[in-house]
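For reference, the structure discussed in these notes is given below.
Computed from the coordinates by the stated procedures, all read-outs in this text should not be read as laboratory data. As the structure is a prediction and not an experimental result, all values here were calculated from the model. Glycine gets a Cβ as well: all are built from the backbone with ideal geometry, and neighbour counts include every protein chain shown.
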């Protein structure tokens, strides 16, 4: 597993990855499994999911930010979902999973 708890660089910016209980409550309250704040440079991931779901959600949020930085938000959400599912499948087949080491 690749530990994402220290954050990730996207487009030359450091993004913190928040998988805290507070993030869980905030996301679940809005019926979300993850979200990316472009301004604060924070990716929130719900920690109350299976590892495979955490990894898929992380990939999705990274694609959201890549779309924002490099594509001027030209991809719609369905396209982001499709890219995320496809990339997640490739990563899983290679044994690559993103999460938090305990």
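Here residue 26 and residue 94 are evaluated by their C-beta separation; at R0 = 30 Å the FRET efficiency comes out at 0.40.
In plain terms, the chain from residue 48 to residue 81 could stretch by 9.8 nm, reckoned as 0.36 nm per residue minus the Cα-Cα distance. DSSP finds beta bridges in the chain, and of those with both partners inside it, around 60 percent are antiparallel. Look at 28, 97 and count the other Cβ atoms within 10 Å of each Cβ; fewest to most, that gives 28, 97. When a/c is below 1.5 the answer is rounded, else prolate if a/b is larger than b/c, else oblate, so apply that to segment 2-97 with a ≥ b ≥ c taken from the square roots of the Cα gyration tensor eigenvalues. Verdict is rounded for segment 2-97.
Estimated from helical segments only, the mean residue ellipticity of the chain at 222 nm is -15000 deg cm²/dmol, where each DSSP H run of four or more residues counts as -39500 (n - 2.57).
Placing dummy labels 7 Å off each Cα toward the beta-carbon, the span from residue 14 to residue 71 is 2.8 nm.
Largest mean-square fluctuation among 45, 80, 69, in a Gaussian network model of the chain whose springs join Cα atoms under 10 Å apart, belongs to 69.
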